[in-house]
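The values are calculated or read from the model by the stated rules, or taken from the named source; none is laboratory data. Treat the numbers as computed from the prediction; the structure is a model and nothing was measured. Cβ: placed from backbone, ideal geometry, glycine included. Neighbour counts: every protein chain shown. The protein model used for the area step is the full one, side chains on, heavy atoms only, and it has no ligands, DNA or RNA in it. Shrake-Rupley method; radii C 1.70, N 1.55, O 1.52, S 1.80 Å.
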Amino acid sequence: MTEDQLLGPRAHGDPCGSAVLKAVAEDFQVDEVLDIPLSGEGEHLWLWVEKRNLNTEEAARRIARAAGVPLKMISYAGLKDRQALTRQWFSLHLPGKADPELAAAEDGSLAILKRTRHQRKLQRGAHSANGFRLRLTELRGDHALLDARLQRIKEQGVPNYFGLQRFGYDGGNLHGARDFAAKGELPAQRNLRSRLLSAGRSYLFNRVLAERVGDGSWQRARVGDLLAFTDSRSFFLAGETECSDPRLAILDLHPSGPLWGAGGSPANDDVQALEDAVAATEPGIANWLAQAGMKHERRILRLPIGGLSWHYPGPDILQLEFVLPTGCFATAMVREVVNLAGQTDI
């Protein structure tokens, strides 16, 4: 499947050029932002880990082996891309045990930068954001046009599409979701089940967002919308008054789209009709998600790019730095600036 089939139209016009991302791991750096004060004592050992060309699950397995504990004793807040240089937290549950020797887990692809104790384990989704430093190489594009595009994105945000990685190589996760939906079954393997359910939900969300980008309403509230703040999972219904809330203009409040589950869309009026119509184009996936016990949730349609800054270390290099809420994809922003030659999404 093509990128446009899995994501949707760009909001800010044609790309301003082309570039390569992740020629080396250091070109894509991610730092987990965790706003939890760690006490320094307790039965959980927290590790600040730097990974290079190593995915989160493999890092967890290596730490578990080195510590001599079952993998289920290792926790992390979120998955980070393999083809990148990333720094994130892990925790080990070690009741009544001293800190283990972890040197066997470390090599050129994994380094433990910091360790401390805490009373509780690290929960999934506990981090508040991710900080990115991206280096685009082999850049082809006029710097003045690129600067204007980036300034517009800084002021207006971008559509909050789920990226290509969510759908697997050539949309394989989505194909798998459709196959299981057609059989009315769920994968027995937990990780596969989670991945395919997520792909199905993400695809329906992207289709709704594509419709909103197409009619220009992805960044403005409509009566019947469910509005949400950038860092909140709660939402409230928009009437005429809410549609002119000044917090919409400063990218603090946003319209949201469906993460599909049981029942129809909880939005109202034309927004509900649009979301139900999109789900009706994929009845197998929509019904499968509901039968799997997924609860209807929401995700903001507009992605604000926090602290966006950029410079050109060389005439054919663009370096970007910014912060995104958890669960959002960095190249949702990058694809609004340039085409990425031969690259996959994160």
- request: Kyte-Doolittle cut-off 1.0, length cut-off 15 Å along the helix's own axis using Cα: show which whole DSSP H helices in the chain pass.
  value: none
- line: For the stretch 126-222, the Debye formula with one identical point scatterer on each Cα and no solvent gives log10 I(q)/I(0) at q = 0.18 Å⁻¹ as -1.05
- prompt: By accessible area of protein heavy atoms, probe 1.4 Å, what ranking do Ser75, Ser128 get, highest first?
  reply: Ser128, Ser75
- request: Could you list which residues have their amide H under 5 Å from that of Arg117, counting only those 5 or more apart in sequence or on another chain, with H placed in the peptide plane?
  value: Gly40, Glu41, Trp46
message: I'd like to compare 49-58, 324-333, 28-37: which one has the highest average count of other Cβ atoms within 10 Å, and what's the full order after that?
response: 324-333, 49-58, 28-37
statement: The correct pair for the stretch 159-303, radius of gyration to one decimal and Dmax as a whole number, both in Å and from Cα atoms, is 15.3, 48
query: What are the aspartates and glutamates whose alpha-carbon lies under 18 Å from the alpha-carbon of Lys72, with same-chain residues fewer than 8 places away excluded?
result: Glu43, Glu57, Glu58, Asp99
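In units of 2.2 N^0.38 Å, what is the alpha-carbon radius of gyration of the chain?
Working it through for the chain, the quotient is 1.03.
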Protection proxy ranking, peptides 63-72, 150-159, 107-116, average beta carbon neighbours within 10 Å, highest first: 150-159, 63-72, 107-116
query: What FRET efficiency comes out for the pair Arg190/Asp170, r = Cβ-Cβ distance, R0 = 25 Å, nearest 0.05?
result: 0.55
- line: Over 31 Å (Cα to Cα) among Lys22/Lys114; Lys183/Lys295; Lys22/Lys154; Lys51/Lys183; Lys80/Lys295 -> Lys51/Lys183
- prompt: Relative contact order of the stretch 2-109: what whole-number percent is it, with Cα pairs under 8 angstrom and at least 6 residues apart?
  reply: 34
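What's the FRET efficiency of Lys295 with Ser232 using the Cβ-Cβ distance as r and R₀ = 22 Å, to the nearest 0.05?
0.85
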statement: Unit-weight point scatterers at every alpha-carbon of the stretch 36-118, Debye formula, q = 0.15, 0.17, 0.21, 0.25 1/Å: log10 I(q)/I(0) is -0.47, -0.61, -0.94, -1.31
field: Percent RCO, i.e. relative contact order, over the chain, from Cα pairs under 8 Å lying at least 6 residues apart
entry: 24
- line: Sorted by chain and number, the residues with a modelled amide H under 5 Å from that of Val33, at a separation of 5 or more or across chains, are Ser128, Ala129, Asn130, Gly131
- prompt: Could you work out the helix-only [θ] at 222 nm for the chain, with each DSSP H run of four or more residues adding -39,500 (n - 2.57) and the total divided by the number of residues, to the nearest 500 deg cm²/dmol?
  reply: -8500 deg cm²/dmol
statement: Among the Cα-Cα pairs of the stretch 76-196, the proportion with separation greater than 24 Å, in percent, is 57
task: Please sort 91-98, 309-316 by packing, taking for each peptide the average over its residues of neighbouring beta carbons within 10 angstrom, highest first.
output: 91-98, 309-316
